[in-house]
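What follows is a short report on a single structure.
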Amino acid sequence: MLGSHTDQADAGFLDGSLDWRSRRSLGGNAGAATGPDPRAFGDRAAWGNAALLQLFLFAYDEDNGVSGEPAVGDAAAAAGGNIVDADSLRVALVSSGARVLSYVPPSTLLVAATPRVASIVARQTGAPMPLLQQPEPDSATTASNSSSGAGKADAAGTGTDGTSAGDWAADASSRDARRSRQLQRQRNRLLRSMTTLLQSDAVSDPGPTTSLQQQQQQQQPRYGARVELLGGLSDAALGAAERDWPGALAAAVGSSATPTGNGSACWPVVLARSDDGAVADAAAKRLSSRAGAGGDGSQVLRVYLCEQDLAPGVLWLAAQPVTRWVEPQLRPQSRNAVSSILLQTGGVTQAQYDDPLAAGNRPFWDAGLQGEGEVVGVGDTGLDLDHCFYADPRFENYAALLKGTPRRFRTPAHRKVVQYVVFRGAKFGDDGDGHGTHVCGSVAGAAMPVDGNDTSEFTLQFGTGGAPRARLSFNDIGGIGGSLISIDNVDELFLPFHKSVGAAITSDSWGPLWSNYDGLARRFDAFLWRNPDVTSFVAAGNSGDDNSRVGGTVDSPANAKNVVGVGVGYKYPSGASTTKLLKARGYQTSSAGDVRLFDLVLQPAETGGLPYLDSVVSSQRERLMWYSTPIDACEPLYPEALAVVRGRVVLVSYSDRCDVDTRARNLQDAGAAAMMMIHHSPNMEYTESPDLSGSAGMPIHIPVSSIPQVLGGWLVGNLTAGVELRLIWQEYPQSVGDVVRWSAYGPTRDGRIKPDIISPGYGIVSAKATDGITGGECSDETQELSGTSMATPLAASTAALVRQYLRYGYYPGGWPDTEDAAPFKPSGILVKALVIAGAKSMRGGWALQVAQLLSTGPDPYQGWGRMDLLTTLPLRPPPDSPAAGSLAATGSSDDRVRLQLADDGSFTETGQEELLSGLTATGTGPISIVLVWYDYPANENTDGYIVNDLDLLVTVTEAGGTARRVWGNNAEDAAGMAPDRLNTVERVLLAAPPAGAQLSIRVRAANLPSRLLSGPDAALPQRWAVVALGHLAGTLESRLNPAYVMPATPGATYSAAAVRGGRGLTIAAAAAAATAPPSIPAPPSQSPLPTSASLASAATSEPPEKPPATRTALPASQPCSQSPSAPRPPPKAATAPEDPTPRCPL
């Protein structure tokens, strides 16, 4: 099966498993394919030849890297035949009218063509062309059942283990029944996480004549499937799918449902565009077009089916020739004073933790870097505009400003929120737990007067955001009670809305609870591929305590290639906080002594109302474990168990033979210390605490808990193999050097490093929402929340300071008032590279998910390390400045560190390379060199998700001429180095290069298969950026380095422009800049406040292409809260260049 995963059955929902994704499988030939359902394609004028298309795999020969080995597709090898040159194959396909849809590693193209065209190309090129076929009904279930159990019956009626055929059949029947119940439970959990459509959603008023029974039928949910089409279909074809496919689906699944009347509750529903896309107004569609949405030609249907129709319905959808991919449509789930100190200095002392509002704790704020001029895009449950962190007394009736589809307003004059978009199905404002209000506060929350210039002092509070002078673009996707609506079109409207008002950094703390690379992850990748000036931060998820899940727990879309996936760390100083973890230790016992084999962290789900495990397991003495016989403990324990279980924690399996109470009483009677049930769920995420039935009998007084099936089976297996298991509670620190135990861990299913970074997200104080947005006096309430949801906005706010640093000319010298200052607008790729290059290793801290010590990194727990501005951006303020005082007070700055970079690199052909030279080591410490690129979006139905592969190679030449080469993501002393073929981030870490050693940095396009694909996205170049950070001297001699380009032309400034079809560098004369060192201005003042009528009109209009040339200041207003005042930033020292990109005026 193409791209099947080894850890879960890919047949997925067809047999009830949690990993439901339907795709076609390899094999057969064109003649073996089933044709389209004629009921679905009756409108020939609308569909054209789309119904004749089929999917084929064409393999080619291309050197996949510098090693020189030809990369041959597995599909081609299986099918036999010649392997052809990639360019020749592409020419043949495109000239014949075929569409090259995507790349399937290694060296294989997914092609949509008619069988006739595919056959012609195959004959012309000699390339094999296996056909992608739809999955066979129940094939996985049949295979699973036929191979289950031991001792199959032979022809003589006796099993290979001596059992009779009758005995084996009875055992097999019992096993099948248990398997069926387990799959149904897993199916139910999946159904609960899927989006649903009720009949009442379409019928707002059932009317007085509707019977109670009819109303109950109308409430039967239909579950959502996301169907990705081949793309390039006309609006007429999409309309025909909405009109004709429901009837075809109903007939195919054998449903008796009708479109109207009493039988309509289970009539299939097909929606041709998701969310607001179908009815978006012209202005919104222009945004989508400017962002390049749809460039890959993909289109999506949302299909809703009742539970009983899902399995046959998915098979039918996968069989249609225009279908490329089917997956469940899952409901997205929601995933600072001290934190800003930690992010700016790399540590927190006890004194700083005790008094975080004291002056001198934040050197970057004191250096004037507080987010001015930055807009950060956030999507979440809603935003309480009445909170003092966001309130602007010049605006009151926000609801009246909402116009258009989706409903939105733009308020360029607003001090904090420049845009608010309410997507269809969302509720304006924030309710529930105030998740959106809280995360926005972490980004940019600040209470301050409104004076039109934004130069007044903001009020420093415990919850003040990381970039207090940045502003927000907000997408409201909050449903009722803090839930989230499903968003499919992130690359068409959701993210483009942010970009339309100048947001170059986005923060999203939501996503479905699964770790597949799915359509949502692919669309994040697609947006960033088209928009390399944006950096997207996404919460990794909170399933790190599920150490039973295979393939990591970083959920979509944080597992996308181009985003920055954020995990959770602590904000506590060393020694301030600890936590206890329950560990199972395995020993091999002998007369010579016990040998510890392993330590495993357990996170059992405990039953309330009973004693807990810490009442019988201590941190001072280990408690032995055993297992019950019978294994389900549904009857009194057998003598062999009675002899050993007394005083032990006993494992029992789940079964339907008895309730939890009976098991617990049987163990209690045998003298067991506690019962630990092996839950029927494979993963901790779905493991529930055992519920007591309350049946009659002796009171239960032992602890009762459960662990997932995978762990329980593994522990029992070790016990039966003679390993002695002991439980103990062990205390661990919770400090800035440790990863929170529930922070999602990697790697991704294809082996990529995720999460990317760690940011504080435990016990974060930020804004608390109140019900409704009414205007008037603002609220300054705060609340403390924890999660990757909280870590992500803090990381995004820190990235806003990184971007401001570069725009305002702090690069390369660490202060803008220098002759070599090179202010420029960075790409989003460069911002990501800087974040990773400067991440602080958490070596020596604890990964509390598994209670293991962390290495230097990267690793699956810390990613590349903990976010740290001071190790990312050199800061060299004047000795008498507030920033210098902050650096001296924190004692965490290393003045020997230098930064050099290359931005907007671009490749268009495999084999192209760029040589970056001019740097030498100073010999005083380590050097980190990082390459980052935004990759072309991958196919969901493959095992590997890298499309374009670049290589980083660093050559270190010492004074005597001795040279050594280090490949990206290899240890510098590794014996058998090889290029990385998995990640879109590559780092070379040189621990102690000798003084004077020359550094040569080579970036090479090892493989660019995106150039072989069809569509405008494939025509875009491969962009990349490089950062060199550490104990180095010199300048990267490259046109990609602003510090190298700008000093060559006195009186010049730097700006971004198109070079080789991508972004690049140009020199623009600016005589005024050469006359005197300019100062960093505050954001330009706003126009005079219009009347309320004109304000509403201006707020809902599209932004002008360029900001007005002049503005006058608004009268100052009073601050909306009173708290200790923050110091004003120092006088600005350099002028940032005008940003040529249209943005919401400041």
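The values are calculated or read from the model by the stated rules, or taken from the named source; none is laboratory data. These numbers come from a predicted model, not from an experiment. Don't worry about glycine lacking a Cβ; one is built from the backbone with ideal geometry, like all the others, and counts go over all protein chains shown. Remember, those area values only see protein heavy atoms, side chains included, never the ligands or the DNA or RNA. Shrake-Rupley method; radii C 1.70, N 1.55, O 1.52, S 1.80 Å.
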What residue, among those in region 569-615 that are closer than 23 Å to Ala672 by Cβ and out of contact with any strand residue (DSSP E or B) (no Cβ under 7 Å at 6 or more places or on another chain), is least open to solvent (accessible area, probe 1.4 Å)?
Gln603
Output the residues belonging to region 461-494 that are among the aliphatic types (A, V, I, L, M), over 20 Å from the mean Cα position of the chain (by Cα) and modelled with pLDDT of 85 or more.
Ala467, Ala470, Leu472
Looking only at region 531-583, count every residue that is of a type in the set (D, E, K, R) and touching a Lys or Arg at 6+ places or on another chain (Cβ under 6 Å) and tell me the total.
1
Check Gly371, Gly379 and return the single one that is at pLDDT 90 or above, crowded, with 24+ Cβ neighbours inside 10 Å and either in a loop (DSSP other than H, G, I, E, B) or in the same structural domain as Phe537 (by the TED database) (or both).
Gly379
Would you say Ile728 is part of a strand (DSSP E or B), among the aliphatic types (A, V, I, L, M), farther than 30 Å from Ala938 by Cβ and open to solvent by less than 40 Å² (accessible area, probe 1.4 Å)?
yes
Count, please, the residues in region 396-411 that happen to be of a type in the set (Val, Ile, Thr) and in contact with an Asp or Glu (Cβ under 6 Å, 6 or more places away or on another chain).
1
Give me a count of the residues in region 954-977 that are under 30 Å from Arg530 (Cα atoms), of a type outside the set (S, T, N, Q) and either open to solvent by 20 Å² or more (accessible area, probe 1.4 Å) or under 28 Å from the mean Cα position of the chain (by Cα) (or both).
2
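So how many residues does region 576-622 have that are touching a helix residue (DSSP H, G or I) at 6+ places or on another chain (Cβ under 9 Å) and hydrophobic (A, V, I, L, M, F, W, C)?
Going through region 576-622 one residue at a time, the tally reaches 9.
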Going by the conditions given, is Arg623 loosely packed, with under 13 Cβ neighbours inside 10 Å and charged (D, E, K, R)?
no
Filtering region 490-518 down to residues that are among the charged types (D, E, K, R) and touching a Ser or Thr at 6+ places or on another chain (Cβ under 8 Å) yields Glu492, Asp508, Asp518
Taking only region 969-990 into account, find how many residues are over 15 Å from Asp859 (Cβ atoms) and β-branched (Val, Ile, Thr).
2
For region 206-239: of the residues being open to solvent by 20 Å² or more (accessible area, probe 1.4 Å) and of a type in the set (A, V, I, L, M), which is modelled with the lowest pLDDT?
Leu212
Here are some conditions: (1) assigned to a loop (DSSP other than H, G, I, E, B); (2) modelled with pLDDT of 95 or more; (3) in contact with a helix residue (DSSP H, G or I) (Cβ under 9 Å, 6 or more places away or on another chain); (4) not small (Gly, Ala, Ser). Met698 meets all but one. Which one does it not meet?
(2)
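Would region 411-423 turn up any residue that is charged (D, E, K, R), within 26 Å of Thr798 (Cα to Cα) and part of a loop (DSSP other than H, G, I, E, B)?
Within region 411-423, one or more residues are charged (D, E, K, R), within 26 Å of Thr798 (Cα to Cα) and part of a loop (DSSP other than H, G, I, E, B).
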What number of residues within region 808-847 satisfy the criterion of being within 30 Å of Phe598 (Cα to Cα) and either surrounded by fewer than 24 Cβ atoms within 10 Å (Cβ to Cβ) or of a type in the set (Gly, Ala, Ser) (or both)?
7
